[in-house]
1. Just one of Arg117, Arg130 is charged (D, E, K, R) and closer than 22 Å to Val206 by Cα; which is it?
2. In the range 221-239, which residue that is in a loop (DSSP other than H, G, I, E, B) and charged (D, E, K, R) is modelled with the highest pLDDT?
3. Based on what the data block shows, is Glu62 modelled with pLDDT under 95, out of contact with any strand residue (DSSP E or B) (no Cβ under 8 Å at 6 or more places or on another chain), on the phi < 0 side of the Ramachandran plot and not in a loop (DSSP other than H, G, I, E, B)?
4. Can you pull out every residue in the range 110-127 that is open to solvent by less than 50 Å² (accessible area, probe 1.4 Å) and touching a residue at least 60 places away in the same chain (Cβ under 8 Å)?
5. Of the residues in the range 90-109, how many are surrounded by fewer than 18 Cβ atoms within 10 Å (Cβ to Cβ) and assigned to a helix (DSSP H, G or I)?
6. Suppose the filter is at pLDDT 85 or above and open to solvent by less than 60 Å² (accessible area, probe 1.4 Å); does Glu174 pass it?
7. Of everything in the range 125-141, what is at pLDDT below 95 and within 13 Å of Lys213 (Cα to Cα)? Give them in sequence order.
8. Assigned to a loop (DSSP other than H, G, I, E, B) and either modelled with pLDDT under 75 or under 20 Å from the mean Cα position of the chain (by Cα) (or both) - does that describe any residue in the range 189-205?
Amino acid sequence: MKNFLIPTTLKEDTISAVKSAVNQAKNTSCEIVLMMVADAPDSFSSSHFLREMRTGLTLSQEEVLETCRYIVEHTANCKIKIHNQFGLSSPIFKGIIDAFDVKLVILTPSYKQETKRIHQYSVKLAGNQRCPILHLGTEAIKEDFNKALYIENSNVNMHVKDVQQFLSQNFSYEIVSQTANFDDNLEQFEPYLSEAISKYGIDLLVETRKGEKIKFKKTKKETMNDKLGLPVLSLYEELA
């Protein structure tokens, strides 16, 4: 069974995330967990706490949720679950991944652009877990991916064959090209990357990441996912 966690505020691209999860399942049994997070109410009264925890959905959110349910209900091997989480920490996030046996976290562009601290915190906590993360692209979204470009970090002692072996065991992606990480000078090398992407028909980038101390910055650093518009599969280095 391959289970998926999709942190969401039920924006339109949640539908694309669900479609992507269905495609990733490859006809095996799976559970898609839509996680909606909110700050825990600050109250000593149990009745007030319960009242504050009641969450209502807007009309547009209900429509997105119904569409997601429709997609999953018409996919024989998949189930969908809504998980409302009040309050977050690193142990809680890890507990959610363990409890639902999550094999892949899917992050949408809209979720990463949310301005509430709890949503930003959720994204950063996801990055510190060992679970692979699929960052969906900002361009026209393709639900299934095949050909990957591996972005190799210079300070990581990891061969492309090791990464490919992990991908073959857990996904259906093939690395058809690789390059060094140009995060610090992306603008200069963007034309070369675009040429490689076009030449090899690349529809996915693969990178590795390390856990890092969580900090909230006023200005967000632009990533390859933002700049090139392609989806990025991020693997925790010790896992890959």
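The values are calculated or read from the model by the stated rules, or taken from the named source; none is laboratory data. Source: prediction; values computed, not measured. Neighbour counts are summed over all protein chains in view; Cβ atoms, including those assigned to glycine, are modelled from backbone coordinates with ideal geometry. In case anyone asks, the SASA skips ligands and DNA or RNA and just uses the protein heavy atoms, side chains included. Shrake-Rupley method; radii C 1.70, N 1.55, O 1.52, S 1.80 Å.
1. Going through Arg117, Arg130 in turn, the sole match is Arg130.
2. It comes out as Glu237.
3. No: the conditions fail for Glu62.
4. Taking the range 110-127 first, the residues open to solvent by less than 50 Å² (accessible area, probe 1.4 Å) are 110-112, 114, 118-119, 122-123, 125-127.
Once the filter is applied, which keeps residues that are open to solvent by less than 50 Å² (accessible area, probe 1.4 Å) and touching a residue at least 60 places away in the same chain (Cβ under 8 Å), the range 110-127 yields Ser110, Tyr111, Glu114, Ile118, His119, Ser122, Val123, Leu125, Ala126, Gly127.
5. Residues in the range 90-109 being surrounded by fewer than 18 Cβ atoms within 10 Å (Cβ to Cβ) and assigned to a helix (DSSP H, G or I): 7 in total.
6. no
7. Within the range 125-141, Gly127, Asn128, Gln129 meet the criteria.
8. yes
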